[in-house]
Amino acid sequence: MDIVKLMKIDRRILFVFIFLSVLIPFFLKCNIPVGESPETEALFRYIDNLPEGSIILISTDYDMASRPELYPMAKAIIRHAFMKGHKIVSICLWPNGVGLAENSVTEVAAKLNEKRPEDKKLRHGKDYLITGYRAGVAIVIMSIGDSFSRTFGTCASITENIDGKKTTIPSISLDDHHRLPIMKNIKNYDSFKLTIPFAAGASVDAWIEFAGARYHQPVALGVTAVSAPRYYPFFPNQIVGLVGGLKGAAEYENLIKNPDWATKGMDAQSAAHILIILFIIIGNIAYFISIKKK
Amino acid sequence: MSPVVIIGIWFAAGLTLCIYSFLYKDNVFYKIAEHVYVGSSAAYITVVAWYNIMVPQVIRPLFYGDVNTGQHSFILIIPTILGILMLTRFSSKYSWLSRIPMSIVFGMGAGMAITGVVQAFIIPQIKDTIANSPVIKIGAMKISTDRKDLLILLDNKDITPKGNEITVGNLTATQHMLIVKESAGKLIFAKPILVASGQTSEVAIEKDEVKVIKQADPKDMAKFPGRKNNFGFALSNSLFLNLDFILVFIGVLTTLFYFYFSTPHTGVVGKLAKVGIGFIMVSFGASFGFTVMARISLLIGRVQFLLVDWLHLIK
């Protein structure tokens, strides 16, 4: 076969190869080791070493388009935080991320509650708080430094799984400490031991700029693979950890010894990468041979 | 699973296939799915903005009063009017009015960005590039023990004390894995200890118990300069760290030369700029690699949805 002809191959054939390279590993289950990068491990250890009962602020700054990358890492980190006895405050700066912000916390809480006695069950308002969406990104991030309750005013109305029944909890004023005891200890950034934005866009810059640099809040990032290279230079002096893309999510799942969908997806990821590398090598060989022939 | 959820899954699966049909060629199914996506996103955002912004932050405090105090916030009339003025962009006659809120937004944005960028990006990044030198001062850990039969490992390195006390200096401002074993091999302690720059963390080993007397607060640690975690990689004081510093130094310098256009890129400047291009290419390569990973991740997400939620082929 003339390798030069490969340069004119119909791109749809390549799409089929890529699709198969993603599909087949789901059935083969090769369990290719993922390893742990220092950036992901640093965040894991940071959360691991926080005193029990610490409050962690997480922000959902992404929508369904980035769900495959950011949702598994958010769930893994929230799970780790809950297992260490920490509390979660979940905010959302992307209007399309409201459902993801709620589900990531309530799903993990519901899963952990299955094995917990009644008095240890994770509850909204006590162990976690979901505020819902606020517009303004940078303004909201700055405003939290002044007053968290004034920035958000009320918590979101959420659906919680209580005793196997889906119960809707109404929106409550954040100043109602009786119904939201978690708010007793939340004033501004000083109340949070760590802030983690899960972000698919430029809000990360605002978190570093205002929460990190201005309010000296420890910030760790959960970002998509596309944005990850931009934020590596901030580690470790300006951010305490960085979880990048599906691989970062898989690394975190491995660190908490709870392999889930990110870990399962990494076999497909590795297979697709190997295939793309092969395509690049073959394409370059064909290119140089075609030059030589001319 | 409720019928609504099942219908939703079938609808989502159908739309997924419609979107991917574009890879074969542009077609009507793709266009339908694209329009549904744009339309439903816009509708969703409108509803979210109404219930999360308009109702609790404008309508309720303005017309019904604060939830707790009952006081009306009439000050909100000003931002509400400014917001409405934004909409005059759609009228050719009154579009000039939209310049008022736009000027406020731009002014505020510029004010925030200038200080923010200098404070968070320019100065800390320059400082880190300089402070990346291998001779930087770092933290220490003091381990005291009355037992002689212990094997103490710090970051997988043997540091068995000869006396009752040992201080390990030159540690990076991060977490260091401390493992204490009995000579018979029985593990009695394995935990990361936090170290901050210019501070000494303290650990005391008494009989079968290891007490962490003092370690850096995670919040303090974030304020101090440090370097990458050296557990498992033994980066500190090693060739790798020096190599890291040399690479960063050459990379920053030569890349800056590439973007220096006041002198023609000839002679020494030209050669340095060419080295800079190499570093820029490596940076582009890394970005490209990560972008490929991101796009494949999205495909994986869809394939997982089709195989698990729709077809139930895998669990």
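Since every read-out is calculated from the coordinates, none of them should be taken as a lab result. Bear in mind that the values here come from a model prediction, so they are computed numbers and not experimental data. Reconstructed Cβ throughout: ideal geometry from the backbone, glycine too, with neighbour counts over all protein chains shown.
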* Structure fact -> Expressed in nanometres to one decimal, the distance between label points 7 Å along Cα→Cβ at B:ILE188 and B:ARG99 is 7.9
* **Dipole moment magnitude, nearest 20 debye, the protein assembly as shown about Cα centre, only Lys, Arg, Asp, Glu C-beta charged** => 1120
* Along the positive direction of the dipole of chain B (beta-carbon charges: Lys, Arg +1; Asp, Glu -1; about the Cα centre), which of B:GLY185, B:LEU298, B:LEU153 reaches farthest? -> B:LEU298
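Let me know the charge dipole size of region A:37-259 about its Cα centre in debye, to the nearest 20, where only the beta-carbon of Lys, Arg (+1) and Asp, Glu (-1) is charged.
420
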* Asked: Relative to the longest principal axis of chain A, what angle (0 to 90°, nearest 10) does the C-alpha long axis of helix A:261-293 take?
  -> 30
* When Cβ neighbours within 10 Å are restricted to other protein chains, what is their mean count per residue of peptide A:41-52? -> 4
* Asked: Where a Cα-Cα gap under 29 Å defines reach, which lysines qualify for A:LYS187, not counting those fewer than 8 residues away within the same chain?
  -> A:LYS75, A:LYS84, A:LYS87, A:LYS120, A:LYS121, A:LYS126, B:LYS214, B:LYS219, B:LYS223
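List the relative contact order of chain B as a percent without decimals, with contacts defined as Cα pairs under 8 Å and 6+ residues apart.
With pairs under 8 Å counted, the relative contact order is 11 percent.
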* Asked: Taking the Cα-to-Cβ direction at B:GLU165 and at A:LYS111 and moving 7 Å from each Cα, how far apart do the two end points lie in nm?
  -> 4.7
* Asked: Hey, rough spin-label estimate for B:ILE179 and A:LYS184, points 7 angstrom out along Cα→Cβ, what's it come to in nanometres?
  -> 4.2
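Report relative contact order for chain A in percent, whole number only (criteria: Cα-Cα under 8 Å, sequence separation at least 6).
It rounds to 27 percent for chain A.
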* Specify which residue in the list A:SER143, A:ALA225, A:PHE44 is farthest towards the positive end of the charge dipole of chain A, using unit charges on the beta carbon of Lys, Arg (+1) and Asp, Glu (-1), about the Cα centre. => A:ALA225
* Asked: By how many degrees, 0 to 90 and rounded to 10, does the Cα axis of helix B:3-20 deviate from the longest principal axis of chain B?
  -> 90
* Structure fact -> Dividing the alpha-carbon radius of gyration of chain B by 2.2 N^0.38 Å, where N counts its residues, gives 1.55
* To do: Find out how many positive minus negative residues lie around A:ALA200, taking Lys and Arg as positive, Asp and Glu as negative, among other residues whose Cβ is under 10 Å from that of A:ALA200.
  => -2
* State to the nearest 20 debye the size of the charge dipole of region A:93-188 about its Cα centre, where the only charges are +1 on K and R beta carbons and -1 on D and E beta carbons. => 140
* To do: Would you mind computing the Rg to Rh ratio of region A:69-184 from its alpha-carbon coordinates, Kirkwood style for Rh?
  => 0.95
* Based on other C-beta atoms within 10 Å, arrange B:THR167, A:THR131 from fewest to most. => B:THR167, A:THR131
* What is the spread of the Cα atoms of region B:23-175 along each of their three principal axes, largest first, in whole Å? -> 85, 58, 37
* **Quotient of Cα Rg and 2.2 N^0.38 Å for the protein assembly as shown, N being how many residues it contains** => 1.08
* Selection from A:ILE56, B:MET1, B:LEU62 lying farthest towards where the dipole of the protein assembly as shown points positive, charges on Cβ -> B:MET1
* Provide the net charge surrounding B:ASN27, with neighbours chosen by a C-beta distance below 15 Å and charges set as Lys +1, Arg +1, Asp -1, Glu -1. => +1
* Structure fact -> Tilt, helix B:77-86 to longest principal axis of chain B (alpha-carbon atoms), in degrees rounded to tens, equals 70
* Chain lengthening between B:LYS315 and B:TYR44 when straightened (0.36 nm per residue, less Cα-Cα) -> 94.5 nm
* Any idea what log10 I(q)/I(0) is at q = 0.08, 0.14, 0.15, 0.16 Å⁻¹ for chain A, Debye with uniform C-alpha scatterers and no solvent? -> -0.40, -1.00, -1.11, -1.24
* Structure fact -> Per-residue Cβ contact counts at 10 Å, fewest first, order A:TRP261, B:TRP96 as B:TRP96, A:TRP261
* To the nearest 0.05, how large is the calculated FRET efficiency for B:ILE250 and A:PHE279 if R₀ is 41 Å and r is the Cβ-Cβ distance? -> 0.80
* Structure fact -> Under 19 Å by backbone N from the virtual spin label 7 Å along Cα-to-Cβ at A:ASP260, the residues of region A:25-62 are A:34-37, A:40-48, A:56-62
* Asked: Per residue Cα convex hull volume for region B:3-72, in cubic angstrom?
  -> 111
